[in-house]
Amino acid sequence: MFGNRKASKAKAPGNPKASDGGSAAVPSRRTLLVAAGAGGLGIAAGALGHGAFAAQAQEAPSSDVVAFYGEHQAGIATPMQDRMHIAAFDVTVDSREELISLLKDWTAAIEQLMRGEDVGEFGATGGHYDAPPEDTGEAIGLSASHLSVTIGFGRSLFENADGPRFGLDGKIPDALADLPHFPGDALEESRSGGDIVIQACADDPQVAVHAVRNLIRIAFGKARVRWSQIGFGRTSSTSTSQMTPRNLFGFKDGTSNLKAEEQKGLDEHVWVREATGEQSWMNGGSYLVARRIRMHMETWDRSPLSDQENIIGRTKREGAPLSGGEEFSEPDFAMPGRGGPVMPVDSHVALAHPSANNGVQMLRRGFNYTDGSDGLGRLDAGLFFIAFVVDPRTHFVPMQNNMAKNDALQEYLKHTGSGLFAVPPGISQGGYLGESLFA
């Protein structure tokens, strides 16, 4: 009976029942499992009957479902989840039609995944018993867990060493220029770049990994993974309802980060709104900057608390600026101290503050990561930095150059991976992710 169950009915991207992230007529995994009990899903569906089965589905909880459709893609201004799996792909086909087909298939799957459903028409346990399932199945019984999936396009999707690709000549945004080599960079090619990026965030790590894993399966024969990273423990908050988290150095991180409730700030610093001509496909989108930053844990852990606080510019426990007050108090960079300002001029806060960067801000969505240890017994761990900006040329490159040259914290960091991606706008029912680029 399990082999013939339809775990979730296939839906075109335009399914009107999935437009607002609410309950749907298709049952969630949790509803199916509860309804099945010990008798099996097939018996449960038959016993309930079509009307009763639909009524059960309507009762499925939807409070942990993130809306899929909208002006902007989910996973940007969405309140930050606890876990992340991000992967970059190299497209292996040359046909524009095949690339569009992949984006449409991904769109349909992402809509299902964000609703907490299996991928495909028959899911993880339906379909032909002697054929591979359409869904890998490790998320059976798990809720949607606020899953959001975001896609973006790298410059190499538009052109590579062989010239323009996929008929996208002239559509490369000016802002999608290759990031420069910053002082101190030790970038690894296998951890950088990519034609397409997929960022999956959720409150359950298995839900995030399940999403990327199934999108990788769908891409087989059309795109292959270039690099991927799993993150845990968000390193910033994107909503005023969230507490400021801590990074692996033990300090609160992202205190002054842009918040979803700050619409004026998002419009100025995150969302593209004034692109014209062939670049107008980016209006409503943003730019994703990704940096894999390894932290030298052992060296940091041997540093005195006074050095740590002076390097960051905040107290370790409360997160208050060294100039006094509480966490969200505005730093006083002119306050005198012994031998100089009480807020060191080379502190991380002093150099990252908007006042030192022509007032620009970023929407940060970074995560802690750990990839075991290296051959010398040192932790390979740190920050997977992710930020969304309206233009990386003005909102990231100058700030990163300044910090790479002058930030005292750089002594404890090593940048090993990098990527820049143009994130297209969201879609309405009947569309597909990235459609504005190919229209």
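Some points to look at:
- Any hit, the range 325-340, residues being buried (at least 16 other Cβ atoms within 10 Å of the Cβ), modelled with pLDDT of 95 or more and either polar (S, T, N, Q) or closer than 15 Å to residue 246 by Cβ (or both): no
- Boolean, residue 208 is assigned to a loop (DSSP other than H, G, I, E, B) and closer than 28 Å to residue 142 by Cα: no
- Filter pass, residue 116 being out of contact with any Gly (no Cβ under 9 Å at 6 or more places or on another chain), under 22 Å from residue 260 (Cα atoms) and crowded, with 23+ Cβ neighbours inside 10 Å: no
Condition check ((1) buried (at least 19 other Cβ atoms within 10 Å of the Cβ); (2) among the acidic types (Asp, Glu); (3) at pLDDT 95 or above; (4) more than 24 Å from residue 78 (Cβ to Cβ)) across all residues:
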{"site": "105", "(1), (2), (3), (4)": "no, yes, yes, no"}
{"site": "109", "(1), (2), (3), (4)": "yes, no, yes, no"}
{"site": "127", "(1), (2), (3), (4)": "yes, no, no, yes"}
{"site": "144", "(1), (2), (3), (4)": "yes, no, yes, no"}
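- Some residue of the range 215-235 being under 16 Å from the mean Cα position of the chain (by Cα), assigned to a helix (DSSP H, G or I) and not β-branched (Val, Ile, Thr): yes
- Test: residue in the range 356-371 that is in contact with a strand residue (DSSP E or B) (Cβ under 6 Å, 6 or more places away or on another chain) and more than 30 Å from residue 433 (Cα to Cα): yes
- Any hit, the range 207-223, residues being in contact with a helix residue (DSSP H, G or I) (Cβ under 7 Å, 6 or more places away or on another chain), within 19 Å of residue 86 (Cα to Cα) and among the basic types (Lys, Arg): yes
- Scanning the range 360-382 for residues that are assigned to a strand (DSSP E or B), of a type outside the set (Ser, Thr, Tyr) and surrounded by fewer than 24 Cβ atoms within 10 Å (Cβ to Cβ) yields 364, 368, 371, 372, 379, 380, 381.
- Of all residues in the range 325-339, those that are without any contact (Cβ under 8 Å) to a residue 60 or more places away in the chain have Cβ atoms under 6 Å from Cβ atoms of residues that are in a loop (DSSP other than H, G, I, E, B) and surrounded by 13 or more Cβ atoms within 10 Å (Cβ to Cβ), 6 or more apart or on another chain, in 326/320; 331/323; 331/343; 332/323; 333/343; 335/323; 335/342.
- Residue within the range 425-432 that is assigned to a loop (DSSP other than H, G, I, E, B), touching a Pro at 6+ places or on another chain (Cβ under 7 Å) and small (Gly, Ala, Ser) present: yes
- Residue in the range 386-395 that is surrounded by fewer than 20 Cβ atoms within 10 Å (Cβ to Cβ) and either among the basic types (Lys, Arg) or more than 30 Å from residue 74 (Cβ to Cβ) (or both) present: yes
- Residue check for residue 96: more than 17 Å from residue 430 (Cα to Cα), basic (Lys, Arg) and surrounded by fewer than 17 Cβ atoms within 10 Å (Cβ to Cβ): yes
- The single residue among 155, 226 that is of a type in the set (D, E, K, R), surrounded by fewer than 23 Cβ atoms within 10 Å (Cβ to Cβ) and under 30 Å from residue 406 (Cβ atoms) turns out to be 155.
- Pairing each residue of the range 145-169 that is touching a residue at least 60 places away in the same chain (Cβ under 8 Å) and closer than 19 Å to residue 96 by Cβ with any residue that is of a type in the set (Val, Ile, Thr) and part of a loop (DSSP other than H, G, I, E, B), provided the two are 6+ apart or on different chains, yields C-beta distances under 7 Å for 155/172.
- Put simply, of 186, 139, 177 the only residue that is among the aliphatic types (A, V, I, L, M), surrounded by fewer than 21 Cβ atoms within 10 Å (Cβ to Cβ) and touching a His at 6+ places or on another chain (Cβ under 8 Å) is 186.
- For residue 291, the conditions (1) within 32 Å of the chain's Cα centre (by Cα); (2) of a type in the set (D, E, K, R); (3) surrounded by fewer than 22 Cβ atoms within 10 Å (Cβ to Cβ) are fulfilled apart from (3).
- Matching option when the condition is touching a helix residue (DSSP H, G or I) at 6+ places or on another chain (Cβ under 8 Å), assigned to a strand (DSSP E or B), among the β-branched types (Val, Ile, Thr) and surrounded by 18 or more Cβ atoms within 10 Å (Cβ to Cβ), among 172, 198: 198
The values are calculated or read from the model by the stated rules, or taken from the named source; none is laboratory data. Just so you know, these numbers come straight off a predicted model, no measurement behind them. Methodologically, a virtual Cβ is constructed for each residue, glycine included, from the backbone with ideal geometry; neighbour enumeration extends over all protein chains shown.
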